Amino acid sequence: MKNRSYIFGLIGGCALWGSLLSATSYSFTMPNVSPSISQRQTGEALTAAIKQAYSQERYTEANALLEQAIATARQQNNQEDIAYYLNILSLTQQQLGLWDAAEQSLSEAIAFQGQDQATFTYAQSLNNQGRLQLKKGQAETAFQTWQQAEKLYRKLDDKTGILGTRINQSQALQTLGFYRRARNILSELTPQVLQGSDPLLQIQQLRSLGLALVAIGQLEDDLSQTKATEKENQDKDIDEILSAKTAFEKSLKIAEDNQINPTTIYLHLGSIAKQQKKGNEAIAYYEKAYSEADSETIRVKALLSQLRVLVEQKKYGQIQDIQAELQTKILGLPANRSNIYALVNFADSLQRIPDYSQPQQIVELLHEAIAKAQTLNDVRAESYALGTLGVFYLKQNQLTKAQTFSQQAFELSQMLNAEDLIFRWASQLGKTYREQGDQNGDRPNDKAQNYKLSANYYDIAITALNKIRGDLIAVDTDVQFDFRERVEPIYREYVDVLLTPTAGQDQPSRQNIEAARGVIEALQVSELANFFRTACIDLEPTSINELIQNNDPHAAVVYPIILPERLAVITYLPSGRSPQTKNNSDKTKTDPQDQYIYHSTPAKQTDLEKVIQRQRRAILNPSYPNVSRLQLSQGLYQWLIQPVEPQLKEQDIQTLVFVLDGGLRNIPMAALHDGQRYLIEKYAIALTPGLQLLQPPELSSKQSQQMIIGALTEARQGFSALPAVAAEVETIRKSFTEQTLFNDSFTTKAFQSTIDEFAYPIVHLATHGQFSSDPNETFLLTWDEKISIEGLKSIVEQRSLANEVPIDLLVLSACQTAAGDDRAALGLAGLAVRSGVRTTVATLWSVNDASTAQAIAKFYENLQQPNTTKSEALRQAQLSLLSENSAFQHPYYWAPFVMVGNWF
């Protein structure tokens with residue numbers, strides 16, 4: 001019985017993680033059966049049939065055989081076997097997407113065993129239960145369930161079970177947003193994995209560890225950012241497994257030393273290289289996998305992976321031989337889910353080739369996939385194939401067929417309650433109905449109906465996406481999402497539909513404008529969730545009217561969003577008369593009840609992005625011709641602000657809060673120009689990634705005099721010295737009760753201790769830092785380390801547990817966005833949100849440290865004035881550079897200072 005349960009532990013424990021991450025989880029190794037079953041030949045045959053059906057991914061057949069095995073066990077009143085097979089039945093039903101049935105089977109299995117049994121089967125039931133809880137979004141409950149399972153496995157001295165439950169716990173922690181704790185668990189598992197004596201088991205465990213590290217985004221080692229100095233002298237083997245790549249490389253070494261076939265390891269290493277955009281390295285791994293493969297299925301996987309990389313690299317001339325070989329091999333594979341996915345992925349890669357000359361081949365591949373899925377009664381695989389056929393017809397502009405197949409795929413996904421597929425096919429139907437509406441432009445009523453259906457389906461898609469946000473970082477590798485390719489465009493398409501007037505309208509309805517604002521906020525949250533590779537972004541349901549009226553009734557919120565053919569801008573006004581316009585050439589219409597202004601400017605997305613890049617280059621270069629720079633600034637001003645300027649004046653708006661989109665995040669709004677003055681000369685300016693992410697201010701006048709300072713003047717870790725920081729710090733210290741960590745005293749450990757010990761609400765860090773679209777490349781420099789976003793979050797969290805005074809204001813006076821990264825400012829938003837502080841002031845680029853010292857000193861001086869908001873304090877500091885010192889009048893010196901979060 002123990003042997004049976006031990007092997008099942010790989011499925012319920014380690015392989016559980018794999019099944020969350022990959023359609024290619026561990027092959028099912030059927031446990032040795034109990035004596036009561038093995039003594040009967042019919043029982044042995046049935047068990048063997050279950051094993052074969054499951055391992056070959058014929059889940060419907062396995063499901064039926066398991067029902068038969070359970071019925072036999074019931075007739076014999078063998079409760080142990082009933083519970084055992086119910087456990088496997090639950091896993092099989094999960095593979096089929098039958099979540100309610102899986103939960104019912106598992107509940108029955110647990111009921112047969114009772115709550116106090118220290119048995120392997122019960123431990124496996126708990127493992128299975130944790131998976132179901134995580135699927136339902138109950139990450140904290142899943143974590144507790146897996147802790148309980150771990151205790152049982154420890155009682156049973158089952159090291160494999162312990163490993164599996166610990167890996168599963170790291171998944172739950174990562175879903176909850178505890179990135180560092182999740183990583184610590186994985187690091188702690190390294191010794192027991194490496195010290196094992198069974199090479200096959202070691203490879204399986206390293207695979208689980210590697211997949212877990214992929215899930216938290218740790219693809220490759222970066223020892224400089226988070227490794228504490230006190231750990232540097234620990235055992236090297238323990239320190240080395242800090243990345244998925246290292247885990248798989250170690251498993252490769254074990255395989256080679258023990259003459260174990262390494263093909264699946266090569267596939268994993270290729271996948272990591274592909275995610276890192278290292279196409280040539282990925283292809284090299286895939287070629288090795290092909291050459292070492294011992295089955296046609298693996299060869300097909302390797303070829304498909306090579307084909308996808310070549311298509312992504314647009315190396316279409318190199319795909320002919322691969323394509324021909326795939327065409328020969330893929331149709332001969334046996335019918336199972338992986339091979340159905342292979343057919344679909346082959347077709348999907350082919351339809352990504354521009355002007356592909358054999359479209360009928362794509363159709364035939366997908367119909368073959370559909371037929372095989374129907375033969376297996378695999379509804380999920382059938383939905384996937386049908387939906388991909390809908391994609392093909394949509395690209396061919398055969399909208400009726402696209403609608404038919406997409407609708408069939410959508411209905412099957414609804415039947416399964418498979419939110420990831422619901423998201424895909426609902427968004428596809430939204431796009432199909434939108435294009436049908438555009439073709440009905442001469443029939444306004446038909447267009448309006450199509451647009452209404454389009455909006456409804458996009459809404460369904462976004463709702464499903466919110467439910468599976470955490471799974472987007474861990475979907476099947478055979479059906480993998482790419483956020484910028486598959487997710488982000490859905491939000492933009494939905495906004496585009498909502499903001500397009502129909503059926504005699506000359507402008508969108510207020511209801512649609514308000515809905516579009518909500519979608520823009522949801523996009524911001526989804527971007528951050530993808531940035532952190534976690535679903536855990538704390539949101540506060542916020543009434544925009546209540547937020548503004550209660551905190552700053554003289555603030556307006558501006559939402560620009562970049563759409564394929566236009567720049568759309570929604571401006572929220574807190575009260576009074578607010579007009580609506582449909583574009584820059586329209587006359588303004590006033591409605592006292594409306595609180596939103598909408599306007600748009602025709603501009604192709606690619607053209608707008610070029611303007612944004614030129615504007616940033618112009619500001620960053622003080623020698624750039626002023627006339628050309630100002631023309632760029634005026635152009636953006638005319639697009640974003642000029643259409644609403646009269647109403648801003650009418651309502652005495654004093655602060656503009658921007659929820660910026662895309663490349664606009666890399667431009668300081670302060671530097672926009674109306675032809676006479678910069679925007680900062682007229683308004684205080686703040687940024688927020690979304691009003692739902694704001695936290696209430698808690699800074700009293702007494703607390704505002706207290707500060708923790710961390711500063712570096714000397715060159716460290718390859719970064720230049722900051723000599724003016726000494727004067728900056730000295731000036732600040734004169735006006736504050738402070739605790740200062742200077743140069744070699746500003747270590748990460750000392751910073752943590754000071755934050756914990758002193759309940760000061762302001763933290764000022766005069767040190768190098770970088771913001772990047774990669775969270776692993778976003779950091780703050782201390783004397784001995786680089787503090788990552790997660791490291792800063794951990795420091796702030798420990799402070800929050802120790803006392804009730806939050807960090808209200810974090811000032812970073814020497815940071816910059818990563819060069820060549822068009823989405824680098826996302827790192828600033830990420831740091832501001834993730835750290836848990838209420839307001840962050842930072843710089844978009846590293847500037848003259850003398851001008852920085854002057855601006856920061858002025859900011860703190862202004863902040864202490866009565867009735868001065870944080871955004872106004874920063875505005876006055878910027879104006880002091882612009883107007884009081886001729887050497888710093890260029891926006892290069894004063895524009896990079898930005899405020900993110902609470903501005904009031």
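The values are calculated or read from the model by the stated rules, or taken from the named source; none is laboratory data. Remember, predicted model here, so these are calculated numbers, not experimental data. A quick note on method: Cβ atoms are made from the backbone with ideal geometry, for glycine too, and the neighbour counts reach across all protein chains shown. Accessible surface is based on the protein model in full, side chains and every heavy atom, while ligands, DNA and RNA are left aside. Shrake-Rupley method; radii C 1.70, N 1.55, O 1.52, S 1.80 Å.
The table below gives the values:
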{"read-out": "Cα-Cα over 29 Å, subset of LYS401/LYS452; LYS136/LYS604; LYS447/LYS467; LYS274/LYS395; LYS151/LYS786; LYS159/LYS277", "value": "LYS136/LYS604; LYS447/LYS467; LYS151/LYS786; LYS159/LYS277"}
{"read-out": "In Å, descending, principal axis extents of the Cα set of the chain", "value": "94, 72, 52"}
{"read-out": "Nearest 10 degrees, 0 to 90: helix 605-620 Cα axis against the chain principal axis", "value": "50 degrees"}
{"read-out": "Residue-normalised accessible area of the chain, expressed per residue, 1.4 Å probe, Å²", "value": "39 Å²"}
{"read-out": "Order by protection proxy (mean Cβ within 10 Å, highest first), peptides 67-75, 771-779, 785-793", "value": "785-793, 771-779, 67-75"}
{"read-out": "Residue-averaged 222 nm ellipticity for the chain, from DSSP H runs of 4+ at -39500 (n - 2.57), nearest 500", "value": "-18500 deg cm²/dmol"}
{"read-out": "Percentage relative contact order, region 409-532, counting C-alpha pairs under 8 Å, at least six apart", "value": "23 percent"}
{"read-out": "For region 83-218, Kirkwood radius (reciprocal of mean inverse C-alpha pair distance, Å)", "value": "15.3 Å"}
{"read-out": "Gyration tensor (alpha-carbon) shape descriptor, region 598-723, a/c threshold 1.5", "value": "oblate"}
{"read-out": "Net dipole in debye of the chain [+1 Lys, Arg Cβ; -1 Asp, Glu Cβ; about Cα centre; nearest 20]", "value": "760 debye"}
{"read-out": "Fraction of accessible area attributable to carbon and sulfur, region 409-532 (%, probe 1.4 Å)", "value": "42 percent"}
{"read-out": "Alpha carbon Rg of region 338-452, scaled by the compact-globule rule 2.2 N^0.38 Å", "value": "1.10"}
{"read-out": "Cα Rg over Rh - region 706-901, Kirkwood", "value": "0.93"}
{"read-out": "Length gained when the stretch ARG181-SER753 is fully extended (0.36 nm per residue, less Cα-Cα span)", "value": "204.0 nm"}
{"read-out": "Solvent-accessible surface ranking, highest first, for THR688, THR737 at 1.4 angstrom", "value": "THR737, THR688"}
{"read-out": "Shape category assigned to region 278-387 from the gyration tensor of Cα positions, a/c cut at 1.5", "value": "oblate"}
{"read-out": "Among 324-334, 609-619, the order from most to least packed when residues are scored by Cβ within 10 Å on average", "value": "609-619, 324-334"}
{"read-out": "Mean separation of Cα contacts under 8 Å (6+ apart) over length of the chain, as relative contact order %", "value": "7 percent"}
{"read-out": "Cβ charges +1 (Lys, Arg) and -1 (Asp, Glu), total dipole of region 706-901, debye", "value": "300 debye"}
{"read-out": "For region 409-532: Kirkwood Rh in Å [reciprocal of mean 1/r, alpha carbons]", "value": "15.0 Å"}
{"read-out": "Relative contact order computed over region 706-901 (Cα-Cα under 8 Å; 6+ residues apart), in percent", "value": "20 percent"}
